[in-house]
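In what follows, a single structure is set out as structure tokens and then discussed.
The values are calculated or read from the model by the stated rules, or taken from the named source; none is laboratory data. Small disclaimer: the values here were computed from a predicted structure and weren't measured. Note that each Cβ is placed from the backbone with ideal geometry, even for glycine, and that neighbours are counted across all protein chains shown.
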């Protein structure tokens, strides 16, 4: 038994490490001729080994210069943790003292990221959306990135997976799953009252979903088809986008907004923050799951 | 209730984003294209309206995103300069898409064409945000969006070269963003603000009182370094030829014409609104930019001279043209920056014209991209030949074309500069000669009779210009000529916009 | 010099953040292995976030989460919430970029059977010719 | 408390160095995971619990899954099984 595990670990480590122990496909001369580096003008004056060394020294010196400059800069910066630093100004004062009154969430950070500086955060959700789209461009199965060999291998993997005895995994997941989901939903819904919010809650939910997929693959795959993924993602982003348009438009034009602050500290309070957290959380959860699915299978 | 046109910048940005989000569920390249073009038309029209409204009253406005004004909430700011550049960006992006349309549908797999247009819409949204933003952290977020979208449109062609080029581009870009973020952290630490008007006031106060001079110098250096890595200023340009030379036609055109410019416009905005041009000059950072710009003008052209691959040659010529912009900024005076912004516009029209034409020319020789095999290509696709000739001559600096006006204004600015006059004039002269040395032979090659691509076993074929290509070359070509002939109103808007910054 | 050391020992968060930045930067420059490059990039990003967050911290104050919303909120009780908000944005951007670059790495590996960027560049050049 | 902080910070540096020096890619990854967890403790010490939760979920959770899946794909063509595939391809 122990030997088996050891053997498996050795194999595991071997393939993980495989890249480094690769048979050289490129001769050193070619390597040298093609290496783009800032010391090209020294070409021919140095041997391969020396050139490598000079390049390393150059990099290290550059890095040291950077680090040194920044360290010296620290000397001239305001003291760490000191009260009365330039950052403690009227901006912070309003965020802290008026935040609850103006926006309504007792977690002051969610006031800032979702309302005061809501545009940045919408941009950030778009970054996540873009990354998911990029991963789709790169990894979604098509004739360019998948060969017959890949398909055969994936089929083999699936076979191994179905044979494998996953009793332990399944019973552990059965116990853990409710806790993870509950925690994720709690973090999501209480984003305006306690630490957390859309992104962290969504990431927890996504991680739970990935775990669940590993134990009971079929069920999740049947639920999270590509259509469902697109629907959740687009619906969440639309909701977020149009809410933001409404908030910005009414705010900037001085119109009356129907969004109130509610009673601070209650779960249904702080206006748009909780709905947006839910939307962002759903988007993040399914994006994380989509990352996982495209990375491992090339499809949802 | 403010006048409606003041809502336009914000609505344009959100329209572009929502167009991108909608496009991602269409599963159809044709419809994605239609949505993108519609969004571009609407945004272009809105920008034109905005330009008219702000330029006619010679005014600008700030637009709080939400209830909370300047030091607390995100803000946009729009004046003639921003609106004009937004209009140019929309026109150029639409023309590049139309000009490279055939290649997009050939190069990209049918199942993924819609995703390409998602990237285009997001790229537009991020460019607009970088133009309009009044908040430096919003600038950072949209720089990241721009980076990811730009990398995605490079790799969309999905062959080996583009994947490798994307990796290099991505690593360099992320290094640039990291440096920008660290300089932003320093800026926040010494001022406590992120919005440009308040930052400007605090920085001015720091200059007067002489506090925090060292961090200020370091942070300006890091910020300039980060943005110049991303906009391929000379020693950091190594990723550019691969990325711009290997991707599909429309991507190359947009990357060279617009994406690089987005970062430079942001840099100019920071120079004007956070610092002031005299403060930047007193930090000596303009001198560095001047030297690097001059070197880029010459080294980019020298590299282009050695290049036999048509798209890579045009890409190297971008390095030289970016050098012109930085040379203008590096003069450290108003006139130099006006010339730099004019060059941004001129190059935004000329370079896509060149890329679109080269794409069409090479399609007459079985997509072979070496100059040697493109002999006679201009005779087989006359429209593209004319487009390339026009663009090439503009780059060389023939009067009545956009490139000439840039050189004129740069030279004029140089005569007013403190110490740079002689060096700037010499760099301009050398660079013009070098430009002529590679563009003229290329033009001669495409108009010569006969063809050489049979040597590769490719039958030369005549390409009849499709309507999309006609529109694209026509609009870009007319743009180049108009900028060369009636440049006075453009320069007027630029100087008015810069004065308001 | 002793002055400098005193300042550094006061600003130890920032000093460590910068050391981490140096480590991330150098592994980005020196490593040829793409996975290690990406990890270096992540370390660099984390260090910048640490640097930024350290400017929001104020000694003896607590996290900006109000326990009793009925009482008036005093600024002197809480740390500066803004850097935390900015870094939250930054972390999400970081994970997006990581996913993108890892997907790219997978594709490059499938094409070239190596993770070494130098070798990949050479192989790509060889193909072109 | 300060001692604990400094220990954590030193731990971060050690993790960063050893992640960059480790020969084995899997060890690099595991060390990076430890780095993320320490980072999330440091966020707590800096009074930023929001960041701590996000870093733990994203840095130690999702990032690690993505890295592991990438390593798996690499294996799919190399290592134990890849020798076979290499022979087939060449």
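In segment A:214-223, is there at least one residue being more than 8 Å from chain B (Cβ to nearest Cβ), modelled with pLDDT of 85 or more and in a helix (DSSP H, G or I)? Write out each step before concluding.
Taking segment A:214-223 first, the residues more than 8 Å from chain B (Cβ to nearest Cβ) are A:214-223.
With modelled with pLDDT of 85 or more added as a condition, the list becomes none.
There is no residue in segment A:214-223 that is more than 8 Å from chain B (Cβ to nearest Cβ), modelled with pLDDT of 85 or more and in a helix (DSSP H, G or I).
So for segment B:26-34 (the condition being within 11 Å of chain A (Cβ to nearest Cβ) and either in contact (Cβ under 8 Å) with a residue 40 or more places away in the chain or touching a strand residue (DSSP E or B) at 6+ places or on another chain (Cβ under 7 Å) (or both)), does at least one residue qualify?
There is at least one residue in segment B:26-34 that is within 11 Å of chain A (Cβ to nearest Cβ) and either in contact (Cβ under 8 Å) with a residue 40 or more places away in the chain or touching a strand residue (DSSP E or B) at 6+ places or on another chain (Cβ under 7 Å) (or both).
Can you tell me how many residues in segment C:69-105 are crowded, with 24+ Cβ neighbours inside 10 Å, more than 7 Å from chain A (Cβ to nearest Cβ) and either at pLDDT below 90 or on the phi > 0 side of the Ramachandran plot (or both)?
Matching residues across segment C:69-105 total 1.
For segment A:55-108, how many residues are touching a residue at least 60 places away in the same chain (Cβ under 8 Å) and either under 17 Å from residue B:66 (Cβ atoms) or in a helix (DSSP H, G or I) (or both)?
Our first condition is that a residue be touching a residue at least 60 places away in the same chain (Cβ under 8 Å); within segment A:55-108, this holds for A:100-107.
Filter again for either under 17 Å from residue B:66 (Cβ atoms) or in a helix (DSSP H, G or I) (or both), leaving A:100-105.
Qualifying residue count for the region: 6.
Quick check on segment C:41-59. Is at least one of its residues farther than 28 Å from residue A:289 by Cα and over 25 Å from the mean Cα position of the chain (by Cα)?
Among the residues of segment C:41-59, not one is farther than 28 Å from residue A:289 by Cα and over 25 Å from the mean Cα position of the chain (by Cα), which makes the answer no.
Name the helices (runs of 4 or more DSSP H) wholly inside segment B:178-262 in which the number of residues that are within 11 Å of chain C (Cβ to nearest Cβ) is 2 or more.
Working: elements: B:196-209, B:213-230, B:240-246, B:249-254.
In segment B:178-262, B:240-246 are the helices (runs of 4 or more DSSP H) which contain 2 or more residues that are within 11 Å of chain C (Cβ to nearest Cβ).
Do you know which residues across segment B:333-346 are crowded, with 24+ Cβ neighbours inside 10 Å and over 16 Å from the mean Cα position of the chain (by Cα)?
Matches in segment B:333-346: B:336 only.
Considering segment B:461-474 alone, what residues qualify as being within 13 Å of residue B:354 (Cα to Cα) and touching a helix residue (DSSP H, G or I) at 6+ places or on another chain (Cβ under 7 Å)? Walk me through it before giving the result.
To start, the set of residues in segment B:461-474 that are within 13 Å of residue B:354 (Cα to Cα) comprises B:469, B:472-474.
B:469, B:472, B:473, listed by residue number.
Can you tell me which residue within segment A:241-274, out of those that are within 14 Å of chain C (Cβ to nearest Cβ) and touching a helix residue (DSSP H, G or I) at 6+ places or on another chain (Cβ under 6 Å), is farthest from residue A:193 (Cα to Cα)?
Going through the qualifying residues, I end up with A:273.
From C:46, C:54, which residue is within 7 Å of another protein chain (Cβ to nearest Cβ), in contact with a strand residue (DSSP E or B) (Cβ under 9 Å, 6 or more places away or on another chain), within 30 Å of residue B:171 (Cβ to Cβ) and buried (at least 22 other Cβ atoms within 10 Å of the Cβ)? Step through it out loud before you land on a result.
Working: C:46 fails: in contact with a strand residue (DSSP E or B) (Cβ under 9 Å, 6 or more places away or on another chain).
Matching residue, one of C:46, C:54: C:54.
Condition test on residue A:280, is it touching a residue at least 40 places away in the same chain (Cβ under 8 Å), within 11 Å of another protein chain (Cβ to nearest Cβ) and in contact with a helix residue (DSSP H, G or I) (Cβ under 9 Å, 6 or more places away or on another chain)?
Spelling it out, residue A:280 is indeed touching a residue at least 40 places away in the same chain (Cβ under 8 Å), within 11 Å of another protein chain (Cβ to nearest Cβ) and in contact with a helix residue (DSSP H, G or I) (Cβ under 9 Å, 6 or more places away or on another chain).
Filter segment D:36-55 for residues that are within 16 Å of residue C:98 (Cα to Cα) and more than 8 Å from chain A (Cβ to nearest Cβ) and give the result.
If the condition is that a residue be within 16 Å of residue C:98 (Cα to Cα) and more than 8 Å from chain A (Cβ to nearest Cβ), then D:36, D:55 are the ones that fit.
Just wondering, is there one or more residues in segment B:106-116 that are more than 13 Å from chain A (Cβ to nearest Cβ) and either crowded, with 24+ Cβ neighbours inside 10 Å or in a helix (DSSP H, G or I) (or both)?
The answer is yes; a qualifying residue exists.
Taking the condition of being surrounded by fewer than 24 Cβ atoms within 10 Å (Cβ to Cβ), more than 19 Å from the chain's Cα centre (by Cα) and not in a loop (DSSP other than H, G, I, E, B), how many residues in segment B:59-101 meet it?
Final tally of qualifying residues: 6.
Out of B:465, B:496, which single residue is over 20 Å from the mean Cα position of the chain (by Cα), at pLDDT 90 or above and either surrounded by 16 or more Cβ atoms within 10 Å (Cβ to Cβ) or outside any helix (DSSP H, G or I) (or both)?
One residue alone meets the criteria, B:496.
Does at least one position in segment B:261-274 carry a residue that is free of Cβ contacts under 8 Å to residues at least 40 places away in the same chain and surrounded by fewer than 19 Cβ atoms within 10 Å (Cβ to Cβ)?
No, there is no match, as no residue in segment B:261-274 is free of Cβ contacts under 8 Å to residues at least 40 places away in the same chain and surrounded by fewer than 19 Cβ atoms within 10 Å (Cβ to Cβ).
Inside segment A:92-131, can you point out the residues that are at pLDDT below 85 and more than 7 Å from chain C (Cβ to nearest Cβ)?
Correct list: A:98, A:99, A:101, A:102, A:103, A:104, A:105.
For (1) farther than 18 Å from residue B:17 by Cα; (2) touching a strand residue (DSSP E or B) at 6+ places or on another chain (Cβ under 9 Å), each residue gets a yes or a no:
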position	(1), (2)
B:104	yes, no
B:115	no, no
B:130	no, no
B:134	yes, yes
B:144	no, no
B:164	yes, no
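Among A:217, A:262, which is within 30 Å of residue C:108 (Cα to Cα) and touching a residue at least 12 places away in the same chain (Cβ under 8 Å)? I'd like the intermediate steps shown before the answer.
Numbers: A:262 fails: within 30 Å of residue C:108 (Cα to Cα).
That would be A:217, the only listed residue that is within 30 Å of residue C:108 (Cα to Cα) and touching a residue at least 12 places away in the same chain (Cβ under 8 Å).
Checking the condition free of Cβ contacts under 8 Å to residues at least 40 places away in the same chain and assigned by TED's automatic domain parsing to the domain that holds residue A:119, which residue from A:289, A:246, A:229 passes?
One residue alone meets the criteria, A:246.
Could you check, for segment B:49-58, whether at least one of its residues is crowded, with 22+ Cβ neighbours inside 10 Å and under 22 Å from residue B:475 (Cβ atoms)?
Looking for residues that are crowded, with 22+ Cβ neighbours inside 10 Å and under 22 Å from residue B:475 (Cβ atoms), one finds at least one in segment B:49-58, hence yes.
Return the only residue of A:259, A:204 being at negative phi and not in a helix (DSSP H, G or I). Walk me through how you get there before you give the answer.
Details: A:204 fails: not in a helix (DSSP H, G or I).
Sole residue among the options that is at negative phi and not in a helix (DSSP H, G or I): A:259.
Any chance you could count how many residues in segment A:152-194 are touching a helix residue (DSSP H, G or I) at 6+ places or on another chain (Cβ under 6 Å), within 11 Å of chain D (Cβ to nearest Cβ) and more than 18 Å from residue D:52 (Cβ to Cβ)?
Of the residues in segment A:152-194, 1 are touching a helix residue (DSSP H, G or I) at 6+ places or on another chain (Cβ under 6 Å), within 11 Å of chain D (Cβ to nearest Cβ) and more than 18 Å from residue D:52 (Cβ to Cβ).
Could you say whether any residue in segment A:140-147 is within 9 Å of chain C (Cβ to nearest Cβ) and crowded, with 24+ Cβ neighbours inside 10 Å?
The answer is no, given that none of the residues of segment A:140-147 is within 9 Å of chain C (Cβ to nearest Cβ) and crowded, with 24+ Cβ neighbours inside 10 Å.
For segment C:8-29, how many residues are part of a helix (DSSP H, G or I) and over 18 Å from the mean Cα position of the chain (by Cα)?
Counting residues in segment C:8-29 that are part of a helix (DSSP H, G or I) and over 18 Å from the mean Cα position of the chain (by Cα) gives 3.
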